[in-house]
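The structure under discussion appears below in the form of structure tokens.
Just so you know, all these numbers are worked out from the coordinates, no wet-lab data involved. Since the structure is predicted, the reported quantities are computational estimates derived from the model, not experimental observations. Cβ: placed from backbone, ideal geometry, glycine included. Neighbour counts: every protein chain shown.
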Amino acid sequence: MQASCPVTIVGKRSGRRKKNVMSDTSPPSASADGATGGWSGRFSEPVTERVKRFTASVAFDRRLADADIAGSLAHARMLAAAGILSAQDASDIERGLATISAEIAAGSFEWSVDLEDVHLNIERRLTALVGDAGKRLHTGRSRNDQVATDLRLWLRGAIDAIATHLTALRRALIDLAERHADTVMPGFTHLQVAQPVTLGHHLLAYEAMFARDAERLADCRRRVNRLPLGSAALAGTSFPIDRARVASELGFEALCGNSLDAVSDRDFAIEFAAAAALLMVHQSRFCEELVLWSSPRFGFVELADRFCTGSSIMPQKKNPDVPELVRGKSGRVIGHLMALLVLMKAQPLAYNKDNQEDKEPLFDTVDTLVDTLAIMADLVATGIGVNVQRMRAAASEGFATATDLADYLVRRGAPFRDAHEAVARAVRHAEAHGVDLAQLPVVELRQFSPLVGDDVHQMLTLEGSVASRDHPGGTAPAQVRAAAAEARRALPAA
Ligand code: ARG
């Protein structure tokens, strides 16, 4: 271990460090206190500029400021209630944190990379504002349990925002599905025309995916919403703290149990990223269909111009950029899930600085999800024009009602395999003559099975086909209306 360490520590117990043996053209930090807030006494020289920049997280973790202040307030109030902090100190801290909150909101707070992260920046400013009380705030606490608490608080708020956007998307999808409960389109398997379905039914398939996403987010939220504070650096604290009080003030449902796990666990972030990745995959699948459907080859839908862009060279082009980008952005969210998993995979207990790398993937996951859901809700609510005739025409091609004919023969006594074979031969015959099954006269159809009756054509219409799938989960318009109503009832209240 020591052989590969670029920093040679010399002297006996003095803690003196020889200069970094790696060449560094940056001058050492001029700051007198080791360029940091919390441990200057231990060190005889400041970190280099390069190390300072490399280790600092304030550029991105300042997004946690509100959560950090809320956590500090609850901690200070608890310390005072437990007699660990004087009432005067607690009220000075409250006053100082209120000022800091206002400064951050006004954009006048001075963030310093010298103070590494959001926690040290706020603590240093607090001390500047209220003196010793600020220095007492960190009693019985470590940045390890502090950052885990902040991240959970922040993510809880983010999940709630995402849930609201997801509900809006689902509502738009249900509305569109209801409007198209009778619109017939080809259902596909292997991207080949398979059986007629209704567009409403097809759209509600996505609603079913998004409903599971909402469940997953709600379930994940329960495990996000547990309090690590009180675990201190890793082993707990010798002060008589009241963790339950802090939890209830911050709205946490439970305490994180084991202190070692509490400070190092990032399962909650990984679970969230997994739920987010799957939600992006569902949106990506839907968008893939919108891209296909809006191409002139399909012509099933027209996307409103405000969701599309043109080409700088080909004047005729109208490109479905929004669905394409949603499809593309699913890649980065899946990437963030991988980043978080790999971040954790070989970490020994307890906290390691590696964990500072959890924030950017998590933040970007949330930002991407919020943006994507918002634009998709808008697109589905206002931007999709359906070409009912094109959909219907496509469903009439490709022998989509062949299964209906086979089912008809089965109802008249044929074993299903024989019926399947008879209809396959009929399809080949129709194909050879360039017509659809429905265009073959009864006598011709009867050549393939003596069970074909005079009523056979009722079975071969698109409306007859979809209407016959009349059971819960089926594509019959009546079922689609019932499913849409049920889905709307299941939406969380606005
Ligand atoms: N900025 C750090 C992080 O994001 C805070 C915790 C630092 N704790 C420590 N012992 N170095 O994880």
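According to the square roots a ≥ b ≥ c of the eigenvalues of the Cα gyration tensor, what is the shape class of segment 342-420, taking rounded for a/c under 1.5, prolate for a/b larger than b/c otherwise, and oblate for the remainder?
On the way: a/c = 6.51, a/b = 2.05, b/c = 3.18.
Oblate, because a/c is 1.5 or more while a/b does not exceed b/c.
Here the simple spin-label model places points 7 Å from the Cα toward Cβ, and for LEU325 and GLU486 these points are separated by 3.7 nm. Hydrodynamic estimate: the Kirkwood radius of segment 363-494 over Cα pairs, inserted into Stokes-Einstein at 10 °C and 1.306 mPa s, corresponds to D of 88 µm²/s. Under a model in which nothing but the beta-carbon of Lys, Arg (+1) and Asp, Glu (-1) is charged, segment 324-395 shows a dipole of about 420 debye around its Cα centre.
Along the axis of the charge dipole computed for segment 109-266 (Cβ charges of +1 for Lys and Arg, -1 for Asp and Glu, origin at the Cα centre), the listed residues ALA232, ALA218, LEU151 are led at the positive end by ALA232.
In what sequence, highest mean first, do 317-323, 167-173, 348-354 appear when ranked by Cβ atoms within 10 angstrom?
Values: 317-323: 18.1, 167-173: 21.4, 348-354: 13.7.
Put in order of decreasing packing, that is 167-173, 317-323, 348-354.
Counted residue by residue at 0.36 nm each, then reduced by the alpha carbon distance between them, the extension gain from SER44 to ARG306 reaches 88.3 nm. Compute the angle between helix 87-106 and the longest alpha-carbon principal axis of the chain, please, reported from 0 to 90 degrees and rounded to the nearest 10. So the inclination is approximately 50 degrees. Under a point spin-label approximation (7 Å from Cα along Cα-to-Cβ), what is the VAL281-ARG245 distance to one decimal in nm? A separation of 4.6 nm, rounded to one decimal place.
State, as an integer percentage, the relative contact order of the chain based on alpha-carbon contacts under 8 Å between residues 6 or more apart. Walk me through the intermediate numbers first.
Values: 698 pairs, mean separation 75.0, N = 494.
Over the chain, the number comes to 15 percent.
With an a/c value of 1.5 or above and a/b larger than b/c for the gyration tensor axes a ≥ b ≥ c computed over the alpha-carbon atoms, segment 214-302 is described as prolate.
Need one word for segment 96-146: rounded, prolate or oblate. Basis is the Cα gyration tensor (sqrt eigenvalues a ≥ b ≥ c); a/c below 1.5 gives rounded, then a/b vs b/c decides.
Numbers: a/c = 1.85, a/b = 1.31, b/c = 1.41.
Here segment 96-146 falls in the oblate category.
For segment 133-279, the residue among PHE268, HIS190, SER248 whose Cα projects farthest onto the positive side of the dipole built from Cβ charges is SER248.
Maximal additional length on extending the GLU288-ARG95 stretch stands at 64.2 nm, based on 0.36 nm per residue less the C-alpha distance. Simple point charges give the picture: +1 on the Cβ of Lys and Arg, -1 on the Cβ of Asp and Glu, and for segment 64-183 a dipole about the Cα centre of about 260 debye. When the charge dipole of the chain is built from unit charges on Cβ atoms (+1 for Lys and Arg, -1 for Asp and Glu) and taken about the Cα centre, the candidate among ALA394, PHE363, GLY328 whose Cα reaches farthest toward its positive end is PHE363.
Based on the Cβ-Cβ distance of ALA381 and GLU103, what FRET efficiency does E = 1/(1 + (r/R0)^6) give at R0 = 35 Å, to the nearest 0.05? Intermediate values should be presented prior to the final figure.
Numbers: r = 39 Å, r/R0 = 1.12.
Using R0 = 35 Å, I get an efficiency of 0.35.
Fully extending the segment from ASP66 to GLN389 would add 110.9 nm, taking 0.36 nm per residue of separation and subtracting the current Cα-Cα distance.
Dipole check for the chain: with +1 at the C-beta of Lys and Arg, -1 at the C-beta of Asp and Glu, and the Cα centre as origin, the magnitude is about 1380 Debye. With the helix formula -39500 (n - 2.57) applied to DSSP H stretches of n ≥ 4, the chain reaches a computed 222 nm mean residue ellipticity of -19000 deg cm²/dmol.
Label-to-label distance, ASP454 versus LEU255, with points set 7 angstrom from Cα along the beta-carbon direction: 8.3 nm. Per residue, the convex hull around the alpha carbon atoms of the chain comes to 229 Å³.
Across segment 396-494, C-alpha contacts under 8 Å between residues 6 or more apart give a mean separation that, scaled by the residue count, equals a relative contact order of 24 percent. Sorted fewest first by neighbouring Cβ atoms within 10 angstrom, CYS308, CYS220 come out as CYS308, CYS220.
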